[in-house]
Each structure stands twice: as C-alpha cells, then as structure tokens.
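The values are calculated or read from the model by the stated rules, or taken from the named source; none is laboratory data. Computed from a prediction, not measured in an experiment: that's the story for all the values here. Cβ sites come from the backbone with ideal geometry, for glycine too, and all protein chains shown count toward neighbours.
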C-alpha cells in the first residue's frame with residue numbers, strides 16, 4: 001500500500017504540480033481514506049519528500065546505467081538528452097518552483113543531489129570526453145561542471161522564460177545542447193550528429209510501422 005500511495009502521488013504531482021494535489025485528491029484517486037495514507041505518511045510534506053527521494057534515486061540509477069552502457073562521453077550526453085525529453089513530456093512546469101516556494105526541505109534535497117551527485121557525474125563525463133578526444137582538450141572540467149549545474153534551474157526562472165511564452169522542456173534542451181556543442185571537439189560533433197541521425201531514422205521507422213498498423217486495423221474494420 002505504501003508504494004501504491006507513493007507512485008500515485010508522484011503521478012499526480014508530476015502532472016498537476018505539487019501545490020494543487022491535496023491529500024483528499026490522493027485518497028480519492030486511490031479509492032482509500034486519508035486515514036490509510038496517514039498510516040504511512042504523517043503529512044503532505046512527508047509525501048512530497050518521499051516522491052522527491054524516489055525521483056532522485058531513479059535518476060541516479062539511470063545516470064549510472066547510462067555511464068556504464070555509453071560508447072563514449074558524447075553518447076552518454078546524447079542519451080541524457082533523450083531522457084530529458086521524456087521527463088518533460090508530461091511534467092507540469094510549475095513543479096520545481098512550487099517545491100522551492102512551499103516545500104523548502106524537499107527542494108534542498110534536490111539541490112544537495114545536484115551539488116554532489118550530478119556534479120560528480122558531469123565532471124567525470126567531461127574528463128572522460130577530454131581523454132577520448134571528443135571534447136576540447138583545453139576545457140576545465142571543474143569550472144564547466146559547476147557552470148552546467150548552475151544553469152540547470154534557469155529554465156524554471158519565470159522572469160527569464162515565462163511559461164506562457166516558453167516550453168520548459170525546449171528551453172532545457174536548448175541550454176544543454178549549447179553547452180554540449182561548446183565543449184565538443186570536431187570528432188565529438190561528428191559523433192553527436194551520427195547519434196542524432198540514427199535516432200531520427202529509428203523514430204521514422206517506428207512511426208511508419210505505427211501508421212501501417214493503423215491502416216491495417218482500419219481496413220479490417
């Protein structure tokens with residue numbers, strides 16, 4: 001039951017934002033009483049913290065898996081871009097701002113994860129890329145890893161990028177791509193373009209297959 005509550009809370013908060021999902025909403029969606037929820041979580045703050053911890057744990061595992069399976073540093077960054085596209089597809093853009101304003105402890109947990117785990121991941125990737133010749137040899141991994149981390153919250157700054165005018169996922173991808181292309185060598189850029197082309201061809205094949213299936217289904221009707 002605890003996991004049911006946790007995963008439903010994450011689903012609701014991701015889609016609707018953290019602030020507007022109440023304990024009544026959660027209980028209603030699960031078909032249980034609030035009393036049952038309080039057996040596992042003392043209040044909404046506890047639910048939010050559990051959701052944040054779940055997200056960070058899954059992100060950490062995904063980053064480690066990506067590091068282990070990537071062909072090189074550029075491939076690792078390319079897979080990161082894919083993950084970000086999927087993450088923002090159904091995410092309410094106000095979620096991060098609501099965490100910062102209404103749930104400071106949970107937001108501090110995210111910042112700590114950024115400053116420690118993500119700093120290590122990015123710096124390791126930059127060092128690896130220099131050694132592999134896919135990043136420019138003159139870049140400083142420590143300086144640029146800190147820079148990259150400090151730009152990670154920029155897409156959520158509504159004074160710079162109001163959500164009424166900008167898509168937070170698109171802004172994030174633009175910032176990361178600008179960073180990646182800025183550190184890559186000619187060899188790295190060629191690899192990135194190769195991965196993009198392969199991805200585009202794969203997606204085209206999938207779309208073609210789906211269209212064919214739809215035509216077949218319509219024909220059978």
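Does the stretch 35-58 hold any residues that are part of a helix (DSSP H, G or I), surrounded by fewer than 18 Cβ atoms within 10 Å (Cβ to Cβ) and free of Cβ contacts under 8 Å to residues at least 40 places away in the same chain, and which are they?
Correct list: 35, 36, 38, 46, 57, 58.
Which one of these does residue 92 not meet: (1) in a helix (DSSP H, G or I); (2) under 26 Å from residue 158 (Cα atoms)?
Of the numbered conditions (1) in a helix (DSSP H, G or I); (2) under 26 Å from residue 158 (Cα atoms), the odd one out for residue 92 is (1).
Within the stretch 169-186, which residues are touching a residue at least 40 places away in the same chain (Cβ under 8 Å) and either touching a helix residue (DSSP H, G or I) at 6+ places or on another chain (Cβ under 8 Å) or under 15 Å from residue 76 (Cβ atoms) (or both)?
Initial filter on the stretch 169-186 (touching a residue at least 40 places away in the same chain (Cβ under 8 Å)): 169, 172-173, 176-177, 180, 183-185.
If the condition is that a residue be touching a residue at least 40 places away in the same chain (Cβ under 8 Å) and either touching a helix residue (DSSP H, G or I) at 6+ places or on another chain (Cβ under 8 Å) or under 15 Å from residue 76 (Cβ atoms) (or both), then 169, 172, 173, 176, 177, 180, 183, 184 are the ones that fit.
Being outside any helix (DSSP H, G or I), at pLDDT 95 or above and over 27 Å from residue 44 (Cα atoms) narrows it down to one residue among 139, 143; which is it? Reasoning before the result, please.
Working: 143 fails: outside any helix (DSSP H, G or I).
It is 139.
Looking at (1) under 24 Å from residue 173 (Cβ atoms); (2) surrounded by 14 or more Cβ atoms within 10 Å (Cβ to Cβ), find the lone condition where residue 86 falls short.
Every listed condition holds for residue 86 apart from (2).
Mind checking whether some residue in the stretch 110-131 is modelled with pLDDT of 95 or more and either surrounded by fewer than 13 Cβ atoms within 10 Å (Cβ to Cβ) or on the phi > 0 side of the Ramachandran plot (or both)?
Within the stretch 110-131, one or more residues are modelled with pLDDT of 95 or more and either surrounded by fewer than 13 Cβ atoms within 10 Å (Cβ to Cβ) or on the phi > 0 side of the Ramachandran plot (or both).
I'd like to verify a number: residues in the stretch 12-24 that are without any contact (Cβ under 8 Å) to a residue 60 or more places away in the chain, surrounded by 15 or more Cβ atoms within 10 Å (Cβ to Cβ) and not in a loop (DSSP other than H, G, I, E, B), how many?
Let us first name the residues in the stretch 12-24 that are without any contact (Cβ under 8 Å) to a residue 60 or more places away in the chain, namely 12, 20-24.
From what is left, the residues that are surrounded by 15 or more Cβ atoms within 10 Å (Cβ to Cβ) are 12, 21, 23.
Add one more test, that the residue is not in a loop (DSSP other than H, G, I, E, B), and what stays is 12, 23.
Number satisfying all stated conditions: 2.
Can you say whether residue 3 is out of contact with any helix residue (DSSP H, G or I) (no Cβ under 7 Å at 6 or more places or on another chain) and modelled with pLDDT under 95, as far as the supplied structure shows? Quick ask: steps written out before the conclusion?
Values: out of contact with any helix residue (DSSP H, G or I) (no Cβ under 7 Å at 6 or more places or on another chain): yes; modelled with pLDDT under 95: yes.
Criteria met by residue 3.
Is at least one residue of the stretch 159-168 assigned to a helix (DSSP H, G or I) and free of Cβ contacts under 8 Å to residues at least 24 places away in the same chain? Explain how you work it out, then say what you get.
Of the residues in the stretch 159-168, the ones assigned to a helix (DSSP H, G or I) are 168.
Okay, now just the ones that are also free of Cβ contacts under 8 Å to residues at least 24 places away in the same chain, so none.
Taking every residue of the stretch 159-168 in turn, none turns out to be assigned to a helix (DSSP H, G or I) and free of Cβ contacts under 8 Å to residues at least 24 places away in the same chain.
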